[in-house]
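Student: Quick one: the structure is below, questions incoming.
Derivation of every value follows stated rules applied to the coordinates shown; laboratory data play no part. Owing to the predicted nature of the structure, the values given are computational and were not obtained by experimental measurement. As a convention, Cβ positions derive from the backbone with ideal geometry for all residues, glycine included, and neighbour counts pool all protein chains shown.
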Amino acid sequence: MYFAGDGAKKDGDGDIWLLGRVDDVMNISGHRLSTTEIESALVSHPSVAEAAVVGASDETTGEAVVAFVILRGSAKDDDDIVTTLRNHVGKEIGPIAKPRNILVVPELPKTRSGKIMRRLLKDVAEGREVGDATTLSDPTIMAQIAESLRK
């Protein structure tokens, strides 16, 4: 049997809804949290245009939530936006899901087909040298992310 790793559901009208990867689950202090669930909570906030979440190694909890967000318009000028977003995730899902870090980035690394390269974001989250980025639609994105994190 082949398992593709994508979750889906069929609604009452017979339409199929793609739910995302089922293997993108983090273990935070014994709680299994879906990266998709946390991303959905982040983009439900009106200040967030797009979000990607990865798990990063953490000595205390095993893994920690690290979020990368693209903000909408004037939210970029809000000095307290990271705290606001952490609290929003806590309210939507629960305190255990609050990201340890929320990194505001200008763009997310995507392939030509639009898939977010979470592997590269995990490298950044864990402080490692970023791996091969040749398949990105815009190879300069990782340099832009690195630059935005230095500010």
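Student: Consider A75 against the criteria (1) over 25 Å from A143 (Cβ atoms); (2) surrounded by 14 or more Cβ atoms within 10 Å (Cβ to Cβ); (3) free of Cβ contacts under 8 Å to residues at least 60 places away in the same chain: it satisfies all of them except one. Which criterion is unmet?
Tutor: Result: A75 fails condition (1) only.
Student: Are any residues in segment 104-116 of a type in the set (A, V, I, L, M, F, W, C) and in contact with a Ser or Thr (Cβ under 8 Å, 6 or more places away or on another chain), and if so, which ones?
Tutor: The answer is V104, V105.
Student: Can you list residue pairs whose Cβ atoms sit under 6 Å apart, with the first residue in segment 27-41 being of a type in the set (A, V, I, L, M) and the second being part of a loop (DSSP other than H, G, I, E, B) and surrounded by fewer than 21 Cβ atoms within 10 Å (Cβ to Cβ)? Count only pairs 6 or more apart in sequence or on different chains.
Tutor: I28/T61; A41/I93
Student: Still on this structure, I have one more. Surrounded by fewer than 16 Cβ atoms within 10 Å (Cβ to Cβ), of a type in the set (D, E, K, R) and either in a strand (DSSP E or B) or without any contact (Cβ under 8 Å) to a residue 24 or more places away in the chain (or both), is that true of R119?
Tutor: Judged against the criteria, R119 is a match.
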